[in-house]
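See structure below.
Only the coordinates and a few stated rules stand behind these numbers; no lab work does. Source: prediction; values computed, not measured. Cβ: placed from backbone, ideal geometry, glycine included. Neighbour counts: every protein chain shown.
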Amino acid sequence: MTTHPRSDMETHPDILAMRKRHEMAERVATTPKAQAVEAMALITGLYLAASPWITGFNGFSTLTVNNVIVGIAYAVIMSGGFGRAYERSHSMAWAACALSVWTIIAPWVVAGDVSTPKTIVNNIIVGVIALMVALMAAAAARPMDQSLRERSSTPR
């Protein structure tokens, strides 16, 4: 019976690269700026979900349901609700940008005549704030994106 020397997994190049990516992601995600963006995103999403009752247009059931669903989705996406694997989930900031744009145009697009001054002003202001927060989150991930791109383009 022959024994083959086992390579030590602790020094495997892929393990070392994963550790380096994880450490970099952790440094980016634990900065005060990233934490502030996460907090603003959570507040924005929760406000969007509650805005029909706060602003007083909960009688428009289509826009009310839309704002509740989009607000919760925005808060979950932007607050890291899918885990702390920042290097894999930071691209969800771009999905949050799409939700923000949808929030802006929703009063004119959803079924029924819901484009009143209350709904328009509320959704435009919240949508613009949500878009700015999502763009800040995407910008915070940019250094990480660049380092991952550089690492993947280097020959092994």
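Modelled label-to-label distance, ALA98 and VAL65, 7 Å Cα→beta-carbon offset: nm?
For the pair ALA98/VAL65, the computed spacing is 2.1 nm.
Give, in nm to one decimal, the length gained when the segment between LEU46 and ILE124 is fully stretched (0.36 nm per residue of separation minus the Cα-Cα distance).
Length gained, LEU46 through ILE124: 26.5 nm.
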